[in-house]
Amino acid sequence: MKFICLTLLIFSGITDSRSERYEVVGSADPVFAVAGEDVILPCSVKPSISVVDMRVEWFRSDQKDSQLVHLYEDHEDRNTDQIQSYRGRTKLNHQELQRGDASLKLSSVRVSDEGLYKCFIESKSWYDDTTVDVRVEAVGRPPVITVDGFDHSGGLHLQCESEGWYPEPELEWLDSKGVSLSSETTEIHRNTDRFSVKHTTTVHHSDDKIHCRVKLRHHMLETLIISSSNMFSSWRTSVIMISVFVVLSVIAGILIAVFARKNRERDQLLQLLKTIIPKVNVILDADTAHPRLTVSDDGKQVRNGKRRTERVYGGKNRFNEYLGVLGKDGFSSGCFYFEVQVKGQTEWDLGVSRESVNRKGSLRRCPVNGYWTVSLCDGKYWAYESSDVSLSLSVNPQRVGVFVDYEKGLVSFCDVESMSHIYSFTDQSFNEKLYPFVSLGYDWFLRNENPTPLIICDDY
């Protein structure tokens, strides 16, 4: 009888022990996360039971001392000993704990978050864990193509560069048919936790589209450059002309050839560079224009043409003393470029401004007030920083180009026809949309009655 009772007790213990056998599962494959975004690290109990009364601990198993990432115990989160870099970025869904789901939400992922995470779940009678492999990818900036000129055989040197990637990305050149082009030189640099890559190639034939592509496992960015056969044919023409000059006069021929080639090469490169810069379709917003200004129906021209009796008043968005007008569309990332014809106008001011700039009263157009501009006033050219900067220009600009790189904090101006630099604002900090801005000076005593319009140019 005792033997039977003992047998029953042993069997009952085995049955109870088996009923307590559960498994903690995560993900068999790596979990990929994007830097700056959120990610869920999976962890659950199978078969599904509530883990509300259990201990749930997440920690980094690939780091020294298995540092704590998140701890749930006694029905609450206890993160006093949590790694500093994870403070405020981890969260368990307490409602899901009732269904056996102890997955961890990690917010604002960083490159340093990449690694092995252990999910450990423990009750009074059992425990188990699983490992989650987190892989982080950081998407860098769109690649930028620049032109380094022609070689002695007429090949066009191109350079492509992109930064801010993790892990190390792959960069490749492709022609218009998608065929890979060989890279001549490759540079890879790591700055803290991000990679930058730079590749060069030489194109020896006319191809209307050359692509530079940067990619990771799950992400890709691409930039293309549009070339024309005229570039290559004009280069060949310059070589023939050089030979003719050399035959006529050795010394004079060399001097003329060098001068001619440099100018032709400069024009070719400048034309090519225009195809790379993201040109934007600027349309002026008549609702922001000063009452004395007339904006054309297509939003491409603005002139000082209304009499005082013809003014249109009202509107909190209008400039009321400064003869200014903004573009309809703003930009909060990347690069953009537009051109304004100022020919024949004796007073103007143009560039970009923040969306929230003050448009009422007397305005000082400087960066601290949200304006990045150059101007012609009283026959002199100016840029407005913390103090006014007088600009010495060799020629009077007829068309002004405005280039903005939002991420790098750059606003740069050039004389389009002479292709000379006018002025650049560097190391600026932009935190809201930037809008194209043009003006015709102040409304004081009808100071500027020149009817010549400022024209937004589309014929690049």
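The values are calculated or read from the model by the stated rules, or taken from the named source; none is laboratory data. Bear in mind that the values here come from a model prediction, so they are computed numbers and not experimental data. As a convention, Cβ positions derive from the backbone with ideal geometry for all residues, glycine included, and neighbour counts pool all protein chains shown. Quick note on the areas: whole protein, heavy atoms, side chains included, nothing else; ligands and nucleic acids left out. Shrake-Rupley method; radii C 1.70, N 1.55, O 1.52, S 1.80 Å.
The table below lists the values:
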{"quantity": "Residue list for segment 56-73, filter: charged (D, E, K, R), assigned to a loop (DSSP other than H, G, I, E, B) and either surrounded by 13 or more Cβ atoms within 10 Å (Cβ to Cβ) or at pLDDT 95 or above (or both)", "calculated": "Asp62"}
{"quantity": "Listing of strands (runs of 3 or more DSSP E) fully contained in segment 383-444 that carry 1 or more residues being under 24 Å from Ser333 (Cα atoms) and open to solvent by 40 Å² or more (accessible area, probe 1.4 Å)", "calculated": "399-405, 410-415, 420-425"}
{"quantity": "Residue selected from segment 365-381 under the condition part of a loop (DSSP other than H, G, I, E, B) and surrounded by 11 or more Cβ atoms within 10 Å (Cβ to Cβ), by the criterion modelled with the highest pLDDT", "calculated": "Gly370"}
{"quantity": "Residues located in segment 87-102, provided they are under 21 Å from Ser48 (Cβ atoms), within 36 Å of the chain's Cα centre (by Cα) and surrounded by 19 or more Cβ atoms within 10 Å (Cβ to Cβ)", "calculated": "Leu92"}
{"quantity": "Restricting segment 74-86 to residues that are in contact with a strand residue (DSSP E or B) (Cβ under 6 Å, 6 or more places away or on another chain) and of a type in the set (D, E, K, R), the residue that is least open to solvent (accessible area, probe 1.4 Å)", "calculated": "Arg78"}
{"quantity": "Residues of segment 180-197 classified as open to solvent by 60 Å² or more (accessible area, probe 1.4 Å) and closer than 15 Å to Glu222 by Cβ, total", "calculated": "1"}
